[in-house]
Structure formats: structure tokens, C-alpha cells
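Each reported figure results from applying straightforward, stated rules to the coordinates on display, with no laboratory input. Just so we're clear, the structure is a prediction, and the values are computed from it rather than from any experiment. Neighbour counts run over all protein chains shown; Cβ positions are idealised from the backbone, glycine included.
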Amino acid sequence: MEKYTVIQSEHVSKYLVVLCRHFARKVESTWDDEKGEVHFPVGKAYMATDVTKNTLTIRCVAENEQKVNGVIAVIDSHVHMFSRRETLQLTWHSA
């Protein structure tokens, strides 16, 4: 099961790095300024920026809907925690 969201912001590279660095404290995470991958116990999150469009696409992948929703809940709460200066509305779509 896979769901994704696209964040529109001038700070997408910053969000990618901050999120991956934060998650790396507890789970396996790899990243650079353009892409990142986080391995949660229930599933994975893949992040990719497109700086020409100021977008960050986050794909959450897990073996079933309950687990993918668990990954989404973690991503949602942390995006909102790190985006205090701007209001980001995350809309998740099935892939």
C-alpha cells in the first residue's frame, strides 16, 4: 500500500533535511538536499524535492492500510511541528 502528498513551500529542502535528521535519532534514515528515505518499524517514507517547483513529495509505503496510516500520522505530526512559520496542509492520495 502506498500513499503520497506534495508540499508546496520555498523551504522544501530544509523540511526534507530537518525531518530526516530528526527521524535518524530513532530509526534508519538517509538523505541529502534532494531526497531522503526513512525506515520506520511499520513502513517507509521516501521524500524528494523539486526545487524548480518548490515541492516536496513524500511517499509512504507499508504492507497494509493500517501501517501506512501509522507512517502518515508520524509524518503529519512532524511536518506540522517543524513548519511553525507557515501553515502546511497535507493531503494524502493513494498511489
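Couple of notes before you dig in:
- Subset of the range 1-34 (residues that are within 20 Å of G70 (Cα to Cα) and charged (D, E, K, R)): E2, K3, R21, R25, K26, E28
- Considering the range 4-18, the residues that are among the polar types (S, T, N, Q) and under 13 Å from the mean Cα position of the chain (by Cα) include one that is surrounded by the most Cβ atoms within 10 Å (Cβ to Cβ), namely T5.
- Qualifying position, being loosely packed, with under 14 Cβ neighbours inside 10 Å and in contact with a Phe, Trp or Tyr (Cβ under 9 Å, 6 or more places away or on another chain), among R59, R21: R21
- Test: residue in the range 63-71 that is under 16 Å from H22 (Cβ atoms) and out of contact with any Cys (no Cβ under 9 Å at 6 or more places or on another chain): no
- V79 being farther than 13 Å from Y4 by Cβ, in a helix (DSSP H, G or I) and in contact (Cβ under 8 Å) with a residue 40 or more places away in the chain: yes
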